[in-house]
1. If we sort 9-20, 182-193, 96-107, 47-58 on the protection proxy, mean other Cβ atoms within 10 Å, highest first, what's the order?
2. Taking H as built 1.01 Å from N, whose amide H comes closer than 5 Å to the amide H of Thr136, not counting residues under 5 places away?
3. Under Stokes-Einstein, with the Kirkwood radius over Cα pairs standing in for Rh, what whole-number D in µm²/s applies to the stretch 1-114 at 4 °C and 1.567 mPa s?
4. Skipping prolines and chain starts, which residues have an amide H placed within reach, meaning under 5 Å, of the one on Thr231, given they are 5 or more residues away or on another chain?
5. Angle, helix 152-164 long axis vs. longest principal axis of the chain, Cα atoms, 0 to 90°, nearest 10?
6. Compute the signed sum of charges (Lys and Arg +1, Asp and Glu -1) over the other residues within less than 14 Å, Cβ to Cβ, of Arg84.
7. How far is it, in nm, from the label point at Ala210 to the one at Ser247 when both lie 7 Å from their Cα along the line to the Cβ?
8. Under the rule of -39500 (n - 2.57) per DSSP H run of 4 or more residues, summed and divided by the residues of the chain, what mean residue ellipticity at 222 nm is obtained, to the nearest 500 deg cm²/dmol?
Amino acid sequence: MKIALMDSGIGLLPAAAAVRRLRPDADLVLSWDPDGMPWGPRTPEDITERAVAVAEAAAAHEPDVLIVACNTASVHSLPAMRARFEPRLPIIGTVPAIKPAAAGGGPVAIWATPATTGSAYQRGLIERFADGVAVTEVACPGLADAVHHADAAAIDAAIASAAARTPDDVTTLVLGCTNYELVAERIRAAVQRPDRPPLVLHGTAGAVAAQALRRIGVDPAPRAAADATLTVLLSGREATLPDTALSYDEGRFLRAVSPVR
């Protein structure tokens with residue numbers, strides 16, 4: 001079994017780690033685009049062009065399923081990617097977890113890249129799943145890029161800026177960019193108010209990992225022998241996990257349990 005994941009940057013690490021925990025015996029292909037990132041400021045047409053190229057690099061390794069572990073690419077490029085690869089290669093998109101977040105009643109804040117914030121797709125999710133719930137969309141310029149480069153000062157500055165624009169009364173925060181899941185606890189600490197109930201965070205890594213297995217008819221087997229490999233593609237070039245990926249728990253976990261081929 002081989003499962004591929006793609007993103008503009010290292011935001012695919014949380015979903016990859018979730019897949020590895022569910023199926024330690026699955027070979028992983030991680031494909032991202034250091035030459036073209038960040039994708040957030042690009043036009044939808046540019047995002048789609050880059051996303052398809054990164055997916056092509058992963059598809060060349062003949063995976064059983066491809067997870068688009070990128071909210072921005074999913075918002076703008078899923079139709080083009082599905083037209084290009086399905087049904088030969090099933091495509092699993094990643095969209096902000098607005099439905100489960102809104103089920104708690106809110107108020108809800110959605111942190112996302114400028115390209116995702118205010119997009120017709122995200123607005124459609126809010127209208128469909130959060131009718132009657134107070135929802136604030138918070139654009140987080142620079143945060144995804146800072147996380148990708150493991151720039152601690154830039155991460156703190158971007159989080160502080162977004163936290164200052166997040167209403168004090170939010171009970172639930174949607175992490176609308178997969179990169180943000182790598183710094184989830186730093187985000188929680190910045191947004192949590194001392195006089196408020198514990199903040200609920202909603203990411204997507206576990207959900208998309210489980211959906212990928214369902215799509216190919218495979219059950220989770222967390223006790224399976226951990227004898228799988230890891231292929232890393234950086235803008236199509238085979239490589240190893242970069243030091244920036246190893247700055248995060250998920251990257252260190254993947255290196256520890258998966259030899260890079």
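1. Packing order, densest peptide first, comes out as 9-20, 47-58, 96-107, 182-193.
2. Val108, Ala109, Ile110
3. Answer, rounded: 89 µm²/s.
4. Excluding prolines and chain starts, which carry no amide H, the hits are Leu28, Val29, Leu30, Arg261.
5. 40 degrees
6. Result for the local shell: 0.
7. Each label point is offset 7 Å from its Cα along the Cβ direction, giving 3.1 nm.
8. Value at 222 nm, helices only: -12000 deg cm²/dmol.
Every number in this text was worked out from the coordinates using simple rules, so none of it is lab data. Just so it is clear, the model here is predicted, and its values are computed rather than measured. Please note: Cβ atoms are built from the backbone with ideal geometry, for glycine as well, and neighbour counts cover all protein chains shown.
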